[in-house]
Structures are given as structure tokens and as C-alpha cells.
């Protein structure tokens with residue numbers, strides 16, 4: 001059995017996306033247990049201050065730890081980077097493999113995806129880890145399937161179809177490390 005910890009906000013917990021990820025793993029012959037530490041509207045800086053986060057990272061014996069920062073608005077990159085520094089300090093005390101979950105930009109603001117992508121890729125490069133390019137795949141999918149609606153009715157969060165795309169993208173990013 002493998003274990004994955006998801007740290008994020010509503011872009012992680014909407015439609016119980018970690019369970020969708022678990023289901024995809026199961027379909028591919030991987031027994032995956034998932035845990036979520038999430039709070040709506042919060043970034044990684046919130047999770048650094050939450051004792052449950054540190055405890056779960058250090059003692060949860062996770063194979064993967066998925067990190068998702070606040071997306072709407074993106075906020076100041078230095079806040080994201082400082083929080084990632086602290087989380088990575090804890091993760092490096094374990095055998096867990098970190099992976100950043102790059103979110104999508106707001107509906108009607110695809111041009112900001114370039115900046116969102118740059119931030120996540122910069123952190124992934126800094127820490128030598130993977131990034132699940134959800135935001136990029138999100139906009140690609142919208143262009144390839146204009147009939148699809150990845151957005152929930154609030155036009156910020158993911159619809160069920162959007163959450164399935166998120167889960168698939170994270171799985172595709174990590175699958176080579178699941179052997």
C-alpha cells in the first residue's frame with residue numbers, strides 16, 4: 001500500500017478530488033491511501049502554522065506529499081516560497097516525495113496561467129521535485145473540448161469533470177514513482 005498526503009485548500013477538497021486520485025490509482029493496480037489537510041481559501045503559509053501539518057509530514061510515513069497554494073488571487077510569491085521552504089524542511093526529514101499541484105487561473109484570465117506556472121516550476125526546480133501541471137492541462141483541455149465545463153457553478157472551483165482532470169494529472173505526474 002502507498003500513502004499520499006494532500007495539503008491545500010478548496011481546490012484540493014472540492015468533489016473529494018483525493019478520492020478520485022485514489023480511484024485512478026486503484027484502476028491502475030495501485031493500492032493508495034489518501035489523507036487531506038485542507039482549509040478553504042488558505043495557502044501553504046496557513047499549513048505551516050498548523051501543528052497537524054508538521055505532525056502528518058513527519059510521522060505519517062507518506063510516499064507522496066502534494067502541495068497546493070492559494071490560487072484566486074495568486075498573492076505574493078514570497079509568501080508561497082517562504083511557506084514552501086518550511087514545508088520542504090520537514091519533508092526532507094522523511095522519505096516522502098513532494099510534488100507541487102499547480103492550480104488554474106480564474107475563468108476569463110487564462111493569460112495569468114503563465115505566471116502561475118512560472119511560480120510552481122520555480123519552486124519545483126528549487127527543491128528538485130515534480131510539479132503536476134494541472135493549470136496548463138486545464139486550459140489545454142478547455143481549448144480541445146470547448147463543450148466541456150471544468151468550472152463549478154461558482155466559476156472558480158472545479159466541476160466534477162474538472163476534479164477528474166486534476167486527479168488524472170496528479171496521477172500521470174507521479175505514476176513512474178509508484179513502481
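The values are calculated or read from the model by the stated rules, or taken from the named source; none is laboratory data. Predicted model, so just to flag it, every value in this text is computed and none were measured. Backbone-built Cβ (ideal geometry, glycine too); neighbour counts: all protein chains shown.
You will find that of 15, 9, the residue that is in contact with a strand residue (DSSP E or B) (Cβ under 9 Å, 6 or more places away or on another chain), at positive phi and in contact (Cβ under 8 Å) with a residue 12 or more places away in the chain is 15 and no other. Among residues of the stretch 131-156 being surrounded by fewer than 19 Cβ atoms within 10 Å (Cβ to Cβ) and touching a residue at least 40 places away in the same chain (Cβ under 8 Å), the one that is nearest to residue 11 (Cα to Cα) is 156. Taking the criterion of being crowded, with 20+ Cβ neighbours inside 10 Å and at pLDDT below 95, the residues of the stretch 45-72 that qualify are 70, 71.
Across the stretch 69-100, the number of residues qualifying as touching a residue at least 40 places away in the same chain (Cβ under 8 Å), part of a loop (DSSP other than H, G, I, E, B) and more than 22 Å from residue 113 (Cβ to Cβ) comes to 1. Given (1) closer than 25 Å to residue 33 by Cα; (2) buried (at least 20 other Cβ atoms within 10 Å of the Cβ), where does residue 175 come up short, assuming only one miss? Against the list (1) closer than 25 Å to residue 33 by Cα; (2) buried (at least 20 other Cβ atoms within 10 Å of the Cβ), residue 175 comes up short only on (2).
When you scan the stretch 105-112, do you find a residue that is modelled with pLDDT of 95 or more, surrounded by 13 or more Cβ atoms within 10 Å (Cβ to Cβ), closer than 26 Å to residue 37 by Cβ and within 16 Å of the chain's Cα centre (by Cα), even just one? Within the stretch 105-112, not a single residue is modelled with pLDDT of 95 or more, surrounded by 13 or more Cβ atoms within 10 Å (Cβ to Cβ), closer than 26 Å to residue 37 by Cβ and within 16 Å of the chain's Cα centre (by Cα). Within the stretch 126-142, the residues that satisfy the criterion of being in contact with a helix residue (DSSP H, G or I) (Cβ under 9 Å, 6 or more places away or on another chain) and assigned to a helix (DSSP H, G or I) are 126, 127, 134, 135, 136, 137, 138, 139, 141, 142. Taken over the stretch 30-44, the criterion of being farther than 20 Å from residue 172 by Cβ and buried (at least 20 other Cβ atoms within 10 Å of the Cβ) is satisfied by 37, 43, 44.
Return the only residue of 30, 66 being on the phi < 0 side of the Ramachandran plot and in a strand (DSSP E or B).
On the way: 30 fails: in a strand (DSSP E or B).
Answer to the selection: 66.
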